[in-house]
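Step one of this worksheet: look at the structure below.
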Amino acid sequence: MTSLKAPPSAPLVQTGTSSWCADCDGRPSERITAFPAGNTRADLLAERAAAAHGHGAHVHFVPRGDLFAVVVPVVAAQ
Ligand SMILES: [Zn+2]
C-alpha cells in the first residue's frame with residue numbers, strides 16, 4: 001500500500017526498483033527477463049520464470065515500462 005499524498009517538499013525519488021522489496025531488502029538486483037504487463041498472464045509467466053530460475057529469483061512490477069521483471073538479488077561472490 002503506497003500513500004497517494006506525498007508532501008510537496010519530498011519529491012518522489014526512484015532508484016533501481018520502484019518500490020521497496022522485502023526479498024531484495026535494499027540490495028541491488030539483476031534483471032533476468034521481463035514480461036510486458038499488457039499480457040494478462042505476464043505476472044504468471046514471470047512467476048514461473050522466477051521459480052524455474054531459482055537462486056532467489058522473484059518478480060518486480062515496474063510501473064515505468066509497465067513490466068513484470070524477473071530479478072535475482074546481487075550477492076557478493078564467496
Ligand atoms: Zn526484489
Practice item. Within the set of other residues whose C-beta is less than 15 Å from the C-beta of V59, count the net charge using Lys and Arg as +1 and Asp and Glu as -1. Key: -2
**Study point:** Amide H contacts under 5 Å for D23, placed H, 5+ residues apart
**Key:** none
Study note, to complete from the structure: Here Rg/Rh (Cα, Kirkwood) for the range 32-73 equals 0.95
Check your understanding: Taking θ as phi - 60°, what are the ³J(HN,Hα) couplings along the range 66-74 by the Karplus curve (6.51, -1.76, 1.60), each to the nearest whole Hz, with x for Gly and Pro?
Key -> 6, 10, 9, 9, 8, 10, 10, x, 7
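None of the figures in this text is laboratory data; all of them are computed from the coordinates on show. Just so it is clear, the structure is predicted and the values come from calculations on it, not from any experiment. Please note: Cβ atoms are built from the backbone with ideal geometry, for glycine as well, and neighbour counts cover all protein chains shown.
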